[in-house]
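Step one of this worksheet: look at the structure below.
The values are calculated or read from the model by the stated rules, or taken from the named source; none is laboratory data. It should be emphasised that the depicted structure is a prediction, and the values quoted were computed from it without experimental measurement. Ideal geometry is used to build each Cβ from the backbone, glycine not excepted, and the neighbour counts take in all protein chains shown.
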Amino acid sequence: MAKDRKDLDVLLGEPKRAIRSLAVPLSVSYLITQVNMFVDSVWTTSLGSNVASAIATITPIYWMIMAGGTGLGVGASSTIAYRLGQRNNQKANELAANALFLGLVVSVFASVIVFFAVDPVITLMGAGDIRSECNDYVMPYILMSWILILNGIVSGLLRAEGAGRKSMIVLALTAIFNMILDPVLIYGMGLGIYGAAWATSLAALAATVLGLLWYALDKMQLRLGRDSFVITKSNMMEVLQVGAPKTAESLVNNTTNILQRIFIIMGAGTIGVMLYNLPWRFVGLAVVPIEALGAAVIPVCSAAIGQRRYDKMFEGMRYSAKLALTILVGMSVFLFIFAEPLMSLFTYSDSMLEQKDMLVWTLRVYCLLIPPYGFYILGSSMLQALKRSLLATEIMMAWGVLKLILFFIACHYSFEAIIYALVFMHFLSGSVMMTVAFRTARSKAREAGVLSSV
């Protein structure tokens, strides 16, 4: 128990140390998750370009299911940390229980909606030639949506009390189990793309059970006993105040990703989706430390606000921004230099080898958008810590609409024009999100009457 209490004390203490204590283990777990995505891609691309294109095409639907868990996890992390900063532990316990309850409710709706929407979405994207592969890949996620969503919530609960290492274990085990199950189900059992999706779902199940077991055995600061399951509208709304806009932001982003595939297919065919998506794996890898920083900023800054220590809130925001800039520039330079050998990982089959030059070019252009993309992620997390998630969602909606307009124009020229449009949009969104985040923080401090002290 002393170790668990120490985690909470660090969270409520010096912000730079608190951010590092959360961000470092989260970076490790996110890195393992990204490695898992790479391994997943390597296993599935060996099944041919049709399978690779199907996964790239239908992946936004998977992320739309995950959006529920991500949003509720962020909502739980922000609101619970805020209550812990106020030393209101009973309220924090109730919010944790309400987040889990909301996760189960959301999963039911998500499964039903996706089940009926998947075929029309495939038709809308013009991907009918890979419909069978798309359906095979998405079906396990529909059946297991409840565990995918709970996985994100449990990780958020652990972050809320500063238990970065335990959160790391949950996320890392999900990825490690998936890497183990992939070859077994895809090739050993001959399930192909269907097995890849089941590997992801079963891995999430195993890791989530471990996380819930820590709470069942009373190993954490938060308590999930009978007295915590006070399921009320006010408790749910407190979690949803942050979680709902975050979920909406993820849904808007993934809906935009689905719609933009229409224009990519118009400009380059279904193979264009793969050309767009595979190099993006490396962009995802490059921003892993920033996602970890953002996940750490939320509970640290929320707890500081609960303590009415706005000086600590600003210190955490500024520290994370400076650290992010150094990391993002370094990652961009690295990926630009090593783009060709890195893309070789995906081009060992005949059907993929002929696409290598375009894959390398796409990755090198993506290097330009990595810094602004990272700042977009960090700025959004700052707004969630400030309980201004709706602002982040509004920025995302405006960004999504403008991006689709530019993609529509660009697809009439070339695939390259689409990529250039994407770079421009990320510079715009990153600068806007960070500006709004810091202005909102100053406004919040001014409203509290403490701006002169920060």
Are there any pairs, at least 6 apart or on different chains, whose C-beta atoms fall under 7 Å, with the first in segment 103-121 and assigned to a helix (DSSP H, G or I) and the second of a type outside the set (A, V, I, L, M) and surrounded by fewer than 20 Cβ atoms within 10 Å (Cβ to Cβ), and if so, which? Val118/Asn135
Which is in contact with an Asp or Glu (Cβ under 8 Å, 6 or more places away or on another chain) and either in a helix (DSSP H, G or I) or among the polar types (S, T, N, Q) (or both), of Met396, Met433, Met425? Met396
Selected residue (only one of Arg20, Arg83, Arg87 is modelled with pLDDT of 75 or more and not in a helix (DSSP H, G or I)): Arg87
Take the conditions surrounded by 19 or more Cβ atoms within 10 Å (Cβ to Cβ), in a helix (DSSP H, G or I) and either in contact with a Gly (Cβ under 8 Å, 6 or more places away or on another chain) or β-branched (Val, Ile, Thr) (or both) and apply them to Gly243. Does it pass? yes
Residue check, Ser443 against (1) surrounded by fewer than 16 Cβ atoms within 10 Å (Cβ to Cβ); (2) at pLDDT 90 or above; (3) over 24 Å from the mean Cα position of the chain (by Cα); (4) among the small types (Gly, Ala, Ser), all met but one. Which one? (2)
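Yes/no matrix, rows are residues, columns are (1) modelled with pLDDT under 85; (2) in contact with a Leu (Cβ under 6 Å, 6 or more places away or on another chain); (3) among the aromatic types (Phe, Trp, Tyr):
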{"position": "Met189", "(1), (2), (3)": "no, no, no"}
{"position": "Tyr194", "(1), (2), (3)": "yes, no, yes"}
{"position": "Leu205", "(1), (2), (3)": "no, no, no"}
{"position": "Leu213", "(1), (2), (3)": "no, no, no"}
{"position": "Gln221", "(1), (2), (3)": "yes, yes, no"}
{"position": "Ile231", "(1), (2), (3)": "no, no, no"}
{"position": "Phe263", "(1), (2), (3)": "no, no, yes"}
{"position": "Gly269", "(1), (2), (3)": "yes, no, no"}
{"position": "Gly272", "(1), (2), (3)": "yes, no, no"}
Looking at segment 398-439 only, could you name the residues that are in contact with a helix residue (DSSP H, G or I) (Cβ under 6 Å, 6 or more places away or on another chain) and of a type outside the set (A, V, I, L, M, F, W, C)? Gly400, Lys403, His426, Ser429, Gly430
Taking the condition of being assigned to a helix (DSSP H, G or I), crowded, with 21+ Cβ neighbours inside 10 Å and charged (D, E, K, R), how many residues in segment 140-183 meet it? 3
Collect the residues in segment 184-198 that are part of a helix (DSSP H, G or I), without any contact (Cβ under 8 Å) to a residue 24 or more places away in the chain and among the small types (Gly, Ala, Ser), keeping them in residue-number order. Gly188, Gly195
Is there a residue being under 30 Å from Gly272 (Cα atoms) and small (Gly, Ala, Ser) anywhere in segment 111-125? yes
Note down all Cβ pairs under 7 Å where the first residue falls in segment 7-19 and is surrounded by 16 or more Cβ atoms within 10 Å (Cβ to Cβ), the second is part of a helix (DSSP H, G or I) and among the acidic types (Asp, Glu), and they're at least six residues apart or on different chains. Pro15/Glu315; Lys16/Glu315
Under 7 Å between Cβ atoms, which residue pairs at least 6 apart in sequence (or on different chains) link something in segment 214-230 that is within 26 Å of Met168 (Cβ to Cβ) with a partner that is acidic (Asp, Glu) and surrounded by 12 or more Cβ atoms within 10 Å (Cβ to Cβ)? Lys219/Asp4; Met220/Asp4; Met220/Glu161; Gln221/Asp4; Gln221/Glu161; Leu222/Glu161; Ser228/Glu94
Could you list, ordered by first residue, the pairs with Cβ atoms under 7 Å in which the first is in segment 235-260 and of a type in the set (Lys, Arg) and the second is assigned to a helix (DSSP H, G or I), at least 6 apart or interchain? Lys246/Thr70; Lys246/Gly71; Lys246/Val74; Lys246/Gly75; Lys246/Gln384; Lys246/Ser389
Note on Glu340: of the conditions (1) closer than 19 Å to Leu422 by Cβ; (2) surrounded by fewer than 21 Cβ atoms within 10 Å (Cβ to Cβ); (3) more than 18 Å from the chain's Cα centre (by Cα), unmet is (1)
Of everything in segment 214-237, what is closer than 14 Å to Leu100 by Cβ, part of a helix (DSSP H, G or I) and not polar (S, T, N, Q)? Give them in sequence order. Trp214, Tyr215, Ala216, Arg226, Met236
